[in-house]
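Everything below concerns the one structure shown next.
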Amino acid sequence: MSDKVAIGIVTYNRPEQFRTVAKAVLEQFDGIPIFAYNDGSPQTEQYSSIRKELSGSIDLVNAPVNQSVGYAKNRLLERMLDDGADWLFILEDDIIPISPDATTAYIEACKRSKWHHLMFAHHGELNKGVPLNTDWVWGISFFLHCVGAWCVYTREVIEKVGLIDEAFINAWDHVEHTWRIAQAGMTAPFWNFADVAGSDKLLAEMDLEATPIGTRSHEAYDARVAAGLQYWRAKDPNCPI
């Protein structure tokens, strides 16, 4: 497998935050193809203006309607595969790269561990504090909670396991996808979610704007969680939840 890399940014209704993230991605990762998917935000003119401001150096899709964060990530994964990438990075629009070593560190950790999917753990409150364990030979730390705001996938794992299941609407989508990857032996076993050791020196979580990415409303969140879990259990009798 070659080391051809691509990066996809998924965003929804946060154009100013997207501008900050996109500029940082371009500054830190010179020469890497960058794709972005605006998941149906009505602020398409602002997004298009930002792309123009950045000299058109990001391949931006302004989707006509909001679908879901999983749907948006799938479109980015497909676009990066079509572009010939072997290492596919997905980030949400509240993660900012702070080191040009972020992509290479994740690729090297995948190679050492022979895993095909790692994720940035330091997003939100659940993984705050020390990791469960760290393997310094592999350069990987393990955390209790599955977080999808920055992930790396190999071409091989997507071709073998498939894309995110779009029946999940903004709840469980990334978790169930990682479960399938773990079941295939291509990432850490559940419940040890693998990240690069010291990843907080490579990436940072931004302060959130009011509108969450890829969601139609906060009010429906509990219902989405319950519906997604019911669907997962019906789909897979080995569901770990």
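If you filter the range 34-46 down to residues that are of a type outside the set (V, I, T) and either part of a helix (DSSP H, G or I) or out of contact with any helix residue (DSSP H, G or I) (no Cβ under 8 Å at 6 or more places or on another chain) (or both), you find that the one that is most open to solvent (accessible area, probe 1.4 Å) is E45. Keeping to the range 141-161, report how many residues are more than 15 Å from C110 (Cβ to Cβ) and under 15 Å from the mean Cα position of the chain (by Cα). Qualifying residue count, the range 141-161: 5.
Apart from one condition, A6 fits all of (1) free of Cβ contacts under 8 Å to residues at least 60 places away in the same chain; (2) open to solvent by less than 20 Å² (accessible area, probe 1.4 Å); (3) of a type in the set (G, A, S); (4) more than 20 Å from D165 (Cα to Cα); the exception is (1).
Within the range 47-96, no residue satisfies the criterion of being at pLDDT below 95, assigned to a helix (DSSP H, G or I), polar (S, T, N, Q) and crowded, with 17+ Cβ neighbours inside 10 Å. Note on the range 14-33: among residues that are over 12 Å from E92 (Cα atoms) and not in a helix (DSSP H, G or I), the one that is most open to solvent (accessible area, probe 1.4 Å) is D30. Selection over the range 57-92 of residues that are within 19 Å of V175 (Cα to Cα) and of a type outside the set (K, R) gives a count of 14.
Here is a yes/no grid of residues against (1) within 29 Å of T154 (Cβ to Cβ); (2) out of contact with any Lys or Arg (no Cβ under 6 Å at 6 or more places or on another chain):
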| site | (1), (2) |
| --- | --- |
| A6 | yes, yes |
| T11 | yes, yes |
| V21 | yes, yes |
| F35 | yes, no |
| Q46 | no, yes |
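Filtered by the rule that a residue be within 22 Å of the chain's Cα centre (by Cα) and either of a type in the set (D, E) or modelled with pLDDT under 90 (or both), the range 225-240 gives no residues.
Just one of the listed residues (A184, A188) is open to solvent by 10 Å² or more (accessible area, probe 1.4 Å), aliphatic (A, V, I, L, M), touching a residue at least 12 places away in the same chain (Cβ under 8 Å) and touching a helix residue (DSSP H, G or I) at 6+ places or on another chain (Cβ under 9 Å), and it is A184. Of all residue pairs spaced 6 or more apart or on separate chains, those with beta-carbon atoms under 9 Å, a first member in the range 53-81 that is within 14 Å of A167 (Cα to Cα) and a second member that is among the charged types (D, E, K, R) and assigned to a helix (DSSP H, G or I) are Q67/R75; S68/D173; V69/D173; G70/D173; Y71/D173; K73/D173.
Scanning the range 128-166 for residues that are within 24 Å of I9 (Cβ to Cβ), of a type in the set (A, V, I, L, M, F, W, C), assigned to a loop (DSSP other than H, G, I, E, B) and open to solvent by 20 Å² or more (accessible area, probe 1.4 Å) turns up C146, L163.
The values are calculated or read from the model by the stated rules, or taken from the named source; none is laboratory data. Worth saying up front: this structure is predicted, and the values here are computed from it rather than measured. Methodologically, a virtual Cβ is constructed for each residue, glycine included, from the backbone with ideal geometry; neighbour enumeration extends over all protein chains shown. Note: accessible area is taken over every heavy atom of the protein model, side chains too, but ligands, DNA and RNA are not part of it. Shrake-Rupley method; radii C 1.70, N 1.55, O 1.52, S 1.80 Å.
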